[in-house]
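Colleague: Mind having a look at this structure? Questions to follow.
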Amino acid sequence: MNKVVKQISYIEVADIAELTSEEEAIIKVAKEVTKGSYAPYSQFHVGAALVLDGGIIVKGANQENGAYPSGLCAERTALFAAGANYPDKAVKILAIAAETKGEFVDEPIVPCGACLQVILENEMRAGAPITILLHGNKRTYKIEGVSNLLPFAFTLK
Ligand code: THU
């Protein structure tokens, strides 16, 4: 028997001004696009903003539905829109913010397992990791590549 330890790593920043200006700006876009969330059931408004190669910005927000499983998370809304509109542009940065009951969340939220799987395939398609920025009032996590959130990913290869 062999106990194996896998490491993940991320950077925690207290103030988004510590990030690059591009990262700081895309977090602001993620906060802004929470306004596009349709979340009458959860009241949890999530915004996801992407920077693609060449600086193109693509935004997404969670879209719920009375037939609950038909809704979609902010991250996949943004990633699928990027895939549909800019299939040849790699995603460089993904920023996520969330607001509920009129306040942005204090602690960063982490994408659900299904979104992590979609982020992973996006990275594999582009052949490069995505910088993932998870933003909360108290702290922001900067994560270089989804393997730090999904260390045992399903792949067909
Ligand atoms: N949600 C997201 O959009 N992204 C996440 O990372 C977590 C959850 C949405 C799904 C649902 O509309 C609401 O937040 C509550 O779960």
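The values are calculated or read from the model by the stated rules, or taken from the named source; none is laboratory data. Computed from a predicted structure; not experimentally measured. Backbone-built Cβ (ideal geometry, glycine too); neighbour counts: all protein chains shown.
Colleague: Just one of I119, I93 is buried (at least 17 other Cβ atoms within 10 Å of the Cβ), of a type in the set (V, I, T) and not in a helix (DSSP H, G or I); which is it?
Modeller: Testing whether each residue is buried (at least 17 other Cβ atoms within 10 Å of the Cβ), of a type in the set (V, I, T) and not in a helix (DSSP H, G or I) leaves just I93.
Colleague: Further question on the same structure: Test F154 against the criterion of being touching a residue at least 40 places away in the same chain (Cβ under 8 Å) and more than 13 Å from the ligand (Cβ to nearest atom), and give yes or no.
Modeller: Considered against the rule, which asks whether it is touching a residue at least 40 places away in the same chain (Cβ under 8 Å) and more than 13 Å from the ligand (Cβ to nearest atom), F154 comes out as no.
Colleague: May I pose another question? So the check is Cβ under 6 Å with 6+ separation or different chains; which pairs have a first residue in segment 58-80 that's within 8 Å of the ligand (Cβ to nearest atom) and a second one that's of a type in the set (F, W, Y) and not in a strand (DSSP E or B)?
Modeller: These pairs meet every condition: E64/Y41.
Colleague: Search segment 36-52 for residues being within 19 Å of V118 (Cβ to Cβ) and under 14 Å from the mean Cα position of the chain (by Cα), and hand back the single one that is surrounded by the fewest Cβ atoms within 10 Å (Cβ to Cβ).
Modeller: L52
Colleague: For segment 101-108, check the following and say yes or no: at least one residue is modelled with pLDDT of 95 or more, within 9 Å of the ligand (Cβ to nearest atom) and assigned to a loop (DSSP other than H, G, I, E, B).
Modeller: No, that holds for no residue.
Colleague: Tell me yes or no: at least one residue of segment 49-57 is of a type in the set (D, E) and more than 16 Å from the ligand (Cβ to nearest atom).
Modeller: Step one: filter segment 49-57 for residues of a type in the set (D, E), giving 53.
Narrowing further to those that are more than 16 Å from the ligand (Cβ to nearest atom): 53.
Yes, segment 49-57 has at least one match.
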